[in-house]
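J.: So that we are looking at the same thing, I have put the structure below in structure tokens.
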Amino acid sequence: MKNEQVILETRDLSVSYGAIQALRHVSMHVEKGEIVALLGANGAGKTTLLQTLSGLITPDDGTIIYRGVEMIGQEAEEVAAKHLIHVPEHRQVFPTLSVLDNLTLGAYHHYRKTGAKAVETEMEKVFSFFPILKERKEQLAGTLSGGQQQMLAIARGVMAKPSLLLLDEPTLGLAPIIAQEVLGLVADLRNEFETTVLLVEQNVVSSLRIADRGYVISHGEIVKSGSASELRNDKEIKEAYLGQSV
Amino acid sequence: MGEFLQFSVTGLTIGSIYAIVALGFVTIYSVTKVINLAQGEFVMLGGMIMFTFLNIGINYWISFLLTLILVMIIGWLVEWTIIRRAKGADPISLIILTIGIAIFIRGVASVVWGKGQVRIPAFSSNQSINIGPASITPQSMWVVFIMLLVVIFLYILIDKTIVGKAFQACSANPPAARLMGISPARMSSFSFTLSAGLGALAGLAVAPILFPAYDMGVMLGIKGFSAAILGGLGSAPGAVAGGLIIGFLESYGAGYISSGLKDAIAFTAILLILLIRPSGILGEKNVGKGGL
Amino acid sequence: MKLPGVQQTKWTGVAIFVGIVLIFPFVITQSFLLSQATFTGIYVIVALGLGLLMGYAGQISLGQAAFYGVGAYATAVLTTSYGLSPWLGLLFSILIPALLAYVMGYTMARLSGYYLAMATLAFGIIIHGVLVEWRGVTLGASGLYGIPQIQLFGMSLSQGLPYYYFVWTFAIVAIVICLNIVHSHVGRALRSIHDSEIAASAMGVNTGKYKTQIFVLSAILAGVAGWLFAHMSYSISPGSFTLDASIMFLTMVVLGGSSSVWGAVFGTVLITVIRIIVHELGETVPFITSDFEHVVYGLILILVIVFTPRGLFPPIAGWFTRIMKQRFRKNIEQTKAS
Amino acid sequence: MKKGLLVFLLMLAAVVLGACGGDSGTSEETGNEGDSPESAEAEKDAEEYVLGAIYSKTGPNSPLGEPEWNTTEMLVEQINEEGGINGVPLRVVLADDESSQEKAVQEINRLINDENVLAVLGSSGTTESLAMKGVAMQNEVPMISAAAAAQVVEPVEDSKWIFKTPQSDRLAVERIYMYLNDENISKVGLLTDSNAFGTTGLEQLENLSGEYNIEITAKESYNTQDPDMSTQLTNINSSGAEALIVWGTNPGPAIIASNLDSLGFDMPFIGSHGIANQKFIELAGEGAEGVVIPTGKALFPDQIPEGDTQYDVLNTYYEDYVATFDSEPTNFGSYGYDNLMLAVEALKNGATDRASIRDYLENEISNWVGTTGVFNLSSEDHNGLEADSLVVATVKDGEWVLMEDN
Amino acid sequence: MLQVKNVTKTFGGVVANKEVNFSVGKGEIVGLIGPNGAGKSTMFNMISAIFPPTKGEIIFRDLNIEKKSTNEMAPLGISRTFQNLQIFKRMTVVENVMIGRHIRTKTGMLKAALKLPSAKDEERKAYESALECIHFVGLEKVLDQQAGNLALGDLRLLELARALAVNPELLLLDEIAAGLNQKESKDMSKLIQKIREQGITVFVVEHDMDLVMSICDKVIVLDQGEKIAEGTPQEIQGNQQVITAYLGAEEMEEVKQGGGA
């Protein structure tokens, strides 16, 4: 029973770049409908983990099971076609394309199968959810503000009908109010589309507010896991970010 | 005035030839960041293969089509067998690699077709048309027309279709494109196939004008490359502008200064433009890249 | 002076090479091979400069033949039309290419990658155009003729053995100079630019200055090679200094590998060997002609870039060293055992 | 030769050794594989005459070199079938210089020193011939070139060992100017290829214009690979030229012919002997009609009047060539013919070493009937032809025909 | 020793640093911290003249350096390490460090080409002082190895040795401890302190808070490109604004929740 609920599971995942061991034996899982936060200081290995999950990086060791299927060895484009969608860090919208084009590309693999019509309904859904994008759909993505670009990046992910959305630091570089807004949208997203989300954030408080559970990662290892409320009151988290008290 | 007009018509014809070849460079570069110096060889193959088909008695337009398809297959093969295996190499290596491909194709062509030039009939009549004091052959008009057609085709493909958008996505940010399920490898194949097709089309258009031979790709490749660079790599309008500029420079240079030095004049001008604008006239800007 | 951990010239290697160059004409008596070897020596000098430019300054030149040609024409014009001594001609064969390269390097400092390739290509075409069109001085495309031979110790250096030794003396001096540069702090600085330009400049390495210097050096070497070529030949023509020639030099460097001085030498010799093989085959197999040679060149470039992007020399040298070490070890073991 | 290759490979190994030598320190390995060189005793059969021939069988000059090469092969076979030269078999070592100076130099060194040839024939092009000239002079070997440019054998005092058979471009120019005088055309525009052929042609056109009262109203040039020459033609047309002289080889003149056609200028098109072949007509199509050129008689031996002294030589050669190779020999083939036959003539008459061959050629060749013309070599003239060895031809109905006014 | 005055840097429209002011005193160890994207690296790159600021001044020993080019920094006495390891991979350890000696070598290309005695002499001196730096960081065991083959910890030490070979007065360390394990990171702290004892001023950008808090005399905190705090490690750890920057705004959330209810 529980197994059916688990949409993604990793066991003993290890990754290194040359001399640098970025991940050490990471085992974690995400259940259907959850928002799971991945916390940790800079350089702890959070982004590496997401990139490994989406197939951009091949791990040295370990397994990734997504909806019951072993994912290691699959190319990033194959992974994306299986509705495991990674919204990368720094937004990475295509700056020279319009908002509409960016969104269309988000639906690239099913657009090619089912044509423009099928994407339209998806597009409507996204526009109703992110009205600002509808207003600016003809604008070049590169000219949007940071917050709007972030929304576009998330919306582009949503266009792919994700079963699991990997969000990498969606609030990075955003003013606090906008950051709150973006995270609020992520929560709404789950509620409305029942999208499962694995969220990488450095803003501990805000992310734990919308998350159900969380993992704390440090020096490439998972050092702590628990429900959002458990983690919120954990002293160690503060230490992980600000160092041991002097 | 009559002379000026004639020089302009000639410049337009030559420039359009260069522009089509340059568009082939741009098509590949904008997706893969590879400059394919064998582009001129695709042009040559277009002319020579057409000749072979005509020679064995196949109908003109069927030969035309078959040539296009065959050259596109060759382009696809080049990408699939060679370019793909050298991904991630630096520009210097890629330049040398594609020079190698060019030399190889040219060598094979000289073995297959020999060294002589061949004649290919024009698309339509040979009766030239007078525009005031100047005159132009129908085939030259075809060249200009095909150039325009290619520009429109590329515009529609790149700006109006999902594949074109995927092209742009791969160009701007390959890893992000992969996260959308777009395969940069497949796009690279596609761009080579397409640009081989463009090359072949250029070859077919110019074959009736300049008597193709195994080595015609050298000159066209160099001029096309220059046009693409001059326009700013990766910009289709730039390639057209670059091609036309070189065409006009050559024609006016030959007409008003010295026909012997026209290449030197054109290339000196290119050098000067590059010194003022190191990334070409419509050069790519680093859009969306904030810090280091 | 041994400095462990620092790349230094292995002089025994140089000595062995010099020895082989010295005895080569005694082993090989055919005039054809001797003239091939002489040309190889000339090309080695050009390839050395281009190798430094590519491997150490990280730049490309599609117009190296232009410097080679300018060197050859400088001396040819001055010695035939103005009766200058060839030795004075050498001065101009060095100065004019160097000056051109300095201006080029200085103005092109802003260009890189494909744009630089384009610029050097354009330079080569312009120079070729000038050689063809400046008929009053160069006599145009049909070439300049009647170039005098070099006098050394009262003796005319004619093609054959004397010129072979003459050319290779220059080639070996060039090799030694390049080895010295590469194994000095200048070479180290250049290598550092190649690995990380940003760190190099943070350590105070003036990357622009070194790039220009290497560019000038490569032009000087090409100019000297042009000088040697001109005075060996009775006549020179622009046809020897085309894009094809530039690409041939490029092939030599890529084939051998630009990451070491010996790579360029190796590549040049290897191209000569391939030529001789094709030539030999051509005499027995009818369909093999010089066209076939081009197919082979093309294939070589493709295969080398795809499979050993650093050229053939490093893997072969590595393999050779390993074998030698193993042998050496075995010998020791055998002596121990006995 | 095989051993030579081996040693070259060794040289390659030497580079490796040179670089790793310091590491391994075991240098004696080199000697291992290089067994002693075969003491190249290509035993000289005294009963054989050996000549060398270098022609540009490949490369840009191959349209010239190929018929020359073929002709040489064909003739050697014929001579040996007929019992050789005074009973001694003839061997010609053929070499391809690939239209490059460097190769030409390497090959002539091989022929002279390794093959020990009595004389060298070739090469096809001017620049290659000039490069070879240096070596031939140095080694004192007679050389008979097939290049057009006069400077191959001029000045004669610096060209003691060098002869050539093609009409110098000077003669071709004279022939054209004579024709223009006949036609009362005095103003011409020049359009020349920027390659060696076009440049030397241009020089002669300029030098001789005064002598024939020809005014050159425009001088333009083009590159062999250029796609369109309308600009140059426009300039020439507006310069007031009454005729256009084009000096080049295919494909340039063919492009010019069709450009001229489409521009609608009605200047007569006068070409060089460089387009004296069927290929030009094939490429230029309609545009070729009415083009006038000076040419050797080998272009159409059947049109030569039967009374011509060359009639028999030419027709026999032409027919043999067509029968053997199924293509036309063109004028270039005839140079190959004369080159070889002049050397054979010397050998036949007992001049069997380098110096005596040279002397024989310079002193004894007079009124010698070849395919190119009738030769009168002397110490003042190492070409020995007159302008009458050329005829004027024009294109009529897709064929080269002899112009009657000759 | 180093003064940063009203420095602003924008990329396109994005503001990376805004009106930042601070100074570093002689002989201090100063830390620059802040959450991801706060503009620390940008600031660092401006101080080492990788690119110039849009506005403002950077003064090193009474000298404006904001418009100088990168390679002029080392002769002035500023050297640095790189977060994303800018090692010369295809050179040996000792050769890497010798590059640090580059500015003290005067042999030109011509002298080098001819290998004059003075060039040889200089080469030996450079080698010896490179060895000193290698001993200082403790890499003598691997000095003849290709730098590309080293483990991460050694690479960080190598960067440090190379930077020290310049004989700097101001040493800029960009995340020198990133990717190091606890022990290595502790050792690095000790090493940095040892460097300071030689009279070298050290300015660090760091994420490893343990390291920053244990060695720094002064810490400067950037957030969203602006300086939000400056003080001793204790002051910083207690600073509410800093905690908010790192962990998120508690109060903001309450406001929002309150509003929603």
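The numbers here are math on the coordinates, done by the rules we state, and not lab data. Note that the coordinates shown come from a computational prediction; the quantities given were computed from them, not determined experimentally. Reconstructed Cβ throughout: ideal geometry from the backbone, glycine too, with neighbour counts over all protein chains shown.
J.: How would you rank C:Arg275, E:Arg196, going from fewest to most other Cβ atoms within 10 Å of each one's own Cβ? All intermediate terms of the calculation are to be shown ahead of the outcome.
T.: On the way: C:Arg275 20, E:Arg196 17.
Lowest to highest Cβ neighbour count: E:Arg196, C:Arg275.
J.: Which distance in nm do the two modelled labels at A:Asn191 and C:Val137 give, with both placed 7 Å along the Cα-to-Cβ direction?
T.: Label at A:Asn191, label at C:Val137, 8.2 nm between them.
J.: Ok, one more. Sort chain B into rounded, prolate or oblate with this rule: let a ≥ b ≥ c be the square roots of the eigenvalues of the Cα gyration tensor; rounded if a/c is under 1.5, and if a/c is not under 1.5, prolate when a/b is larger than b/c, oblate otherwise. Could you put the intermediate results ahead of the total?
T.: Working: a/c = 1.69, a/b = 1.23, b/c = 1.37.
Since a/c reaches 1.5 but b/c is at least a/b, the shape of chain B is classed as oblate.
J.: With angles folded into 0 to 90 degrees, how steeply does helix D:169-183 sit against the dominant principal axis of chain D? Use alpha carbons for both and round to 10.
T.: It is inclined by approximately 10 degrees.
J.: Something else: Could you check the simple spin-label distance between C:Phe328 and C:Leu88, using points 7 Å along Cα→Cβ, in nm with one decimal?
T.: 5.3 nm
J.: Measure out, as a whole number of angstrom, how far apart the alpha-carbon centroids of region B:1-42 and region E:7-56 sit.
T.: Here the answer is 46 Å between Cα centres.
J.: Can you tell me which lysines have their Cα less than 19 Å from the Cα of E:Lys194? Leave out same-chain residues fewer than eight positions away.
T.: Partners within reach: E:Lys26, E:Lys183, E:Lys186, E:Lys218.
J.: Another question, if that's okay. What's the exposure ranking of D:Asp182, D:Asp381, going from fewest to most Cβ atoms within 10 Å? Spell out each step's value before the answer.
T.: Numbers: D:Asp182 11, D:Asp381 17.
Ranking D:Asp182, D:Asp381 by Cβ neighbours within 10 Å, fewest first, gives D:Asp182, D:Asp381.
J.: Also: Within region D:142-177, which residues have the backbone N less than 17 Å from the label spot 7 Å out from D:Thr309 along Cα→beta-carbon, could you tell me?
T.: Within reach of a label on D:Thr309: D:165-167.
J.: Report the Cα centroid-to-centroid distance between region E:67-93 and region C:259-338 in angstrom, as an integer.
T.: 38 Å
J.: Rounded, prolate or oblate for region B:48-196? Axes are the square roots of the Cα gyration tensor eigenvalues, ordered a ≥ b ≥ c, and the cut-off for rounded is a/c under 1.5. Before the final figure, lay out the partial values.
T.: Details: a/c = 2.26, a/b = 1.45, b/c = 1.55.
The shape class here is oblate.
J.: Now a separate question. Out of all Cα-Cα pairs in the protein assembly as shown, roughly what percent, to the nearest whole number, are more than 49 Å apart? Let's see the in-between values first.
T.: Numbers: 534613 of 1189653 pairs.
Taking all Cα-Cα pairs of the protein assembly as shown, the fraction more than 49 Å apart is 45 percent.
J.: Using label points projected 7 Å from each Cα along Cα→Cβ, tell me how many nm separate C:Leu281 and B:Ile58, to one decimal.
T.: Result: 3.1 nm between the two label points.
J.: If you don't mind, there's one more thing I want to ask. Determine, from the Cβ-Cβ distance of D:Met137 and E:Phe51 and an R0 of 60 Å, the FRET efficiency 1/(1 + (r/R0)^6), rounded to the nearest 0.05.
T.: Numbers: r = 64 Å, r/R0 = 1.07.
Here the calculated transfer efficiency is 0.40.
J.: As a quick test, which of the pairs B:Lys223/D:Lys187; E:Lys67/E:Lys115; A:Lys82/A:Lys125; A:Lys46/A:Lys82; B:Lys87/C:Lys10 have an alpha carbon distance above 26 angstrom in this structure?
T.: Details: B:Lys223/D:Lys187 35 Å; E:Lys67/E:Lys115 36 Å; A:Lys82/A:Lys125 20 Å; A:Lys46/A:Lys82 22 Å; B:Lys87/C:Lys10 35 Å.
Flagged as over cut-off: B:Lys223/D:Lys187; E:Lys67/E:Lys115; B:Lys87/C:Lys10.
J.: A further question follows. Provide the percentage of antiparallel DSSP beta bridges, counting only those with both residues in the protein assembly as shown; round to the nearest 5.
T.: Working: 60 of 123 bridges.
Rounded to the nearest five, the antiparallel share is 50 percent.
J.: Where a ≥ b ≥ c are the square roots of the eigenvalues of the C-alpha gyration tensor, would you call region E:87-167 rounded, which needs a/c under 1.5, or, failing that, prolate if a/b is larger than b/c, or oblate?
T.: Numbers: a/c = 2.37, a/b = 1.92, b/c = 1.23.
Cα axes put region E:87-167 in the prolate bin.
J.: Another one. Within chain C, which complete DSSP H helices have Cα atoms spanning at least 18 Å along the helix axis and a mean Kyte-Doolittle hydropathy of 1.0 or higher? Please list the in-between numbers first.
T.: Details: long enough: C:11-27 (24 Å, 2.37); C:31-51 (29 Å, 1.56); C:64-81 (25 Å, 0.79); C:86-107 (31 Å, 1.60); C:113-133 (30 Å, 1.53); C:161-182 (31 Å, 1.98); C:207-232 (38 Å, 0.90); C:243-256 (20 Å, 1.95); C:261-284 (36 Å, 1.35); C:290-307 (25 Å, 1.92); C:313-337 (35 Å, -0.71).
Membrane-span-like by this criterion, though nothing is claimed about a membrane: C:11-27, C:31-51, C:86-107, C:113-133, C:161-182, C:243-256, C:261-284, C:290-307.
J.: Quick one: go through region D:266-295 and flag any residue whose amide nitrogen is under 13 Å from the point 7 Å out along the Cα-to-Cβ line of D:Lys396.
T.: D:290-291
J.: Report the gain in length on full extension from C:Ile274 to C:Thr335: 0.36 nm times residue separation, minus Cα-Cα distance, nm rounded to one decimal.
T.: Here the segment from C:Ile274 to C:Thr335 would lengthen by 17.8 nm.
J.: Where the centroid of each part is defined by its Cα atoms, how far is region D:311-382 from region D:186-212 in Å?
T.: Cα centres, region D:311-382 to region D:186-212: 28 Å.
J.: Can you tell me the FRET efficiency between E:Ser69 and B:Ile152 if r is taken as the Cβ-Cβ distance and R0 is 41 Å, rounded to the nearest 0.05? Working shown, then result.
T.: Working: r = 46 Å, r/R0 = 1.13.
E between E:Ser69 and B:Ile152, to the nearest 0.05, is 0.30.
J.: Calculate how steeply helix D:311-325 sits against the longest principal axis of the alpha-carbon atoms of chain D, using the helix alpha-carbon long axis, and give the answer as 0 to 90 degrees to the nearest 10.
T.: Around 60 degrees separate the two axes.
J.: In percent, what relative contact order does chain C have, based on Cα pairs under 8 Å that are 6 or more apart in sequence? Each step should come with its number before you reach the end.
T.: Working: 469 pairs, mean separation 99.6, N = 338.
Relative CO of chain C lands at 29 percent.
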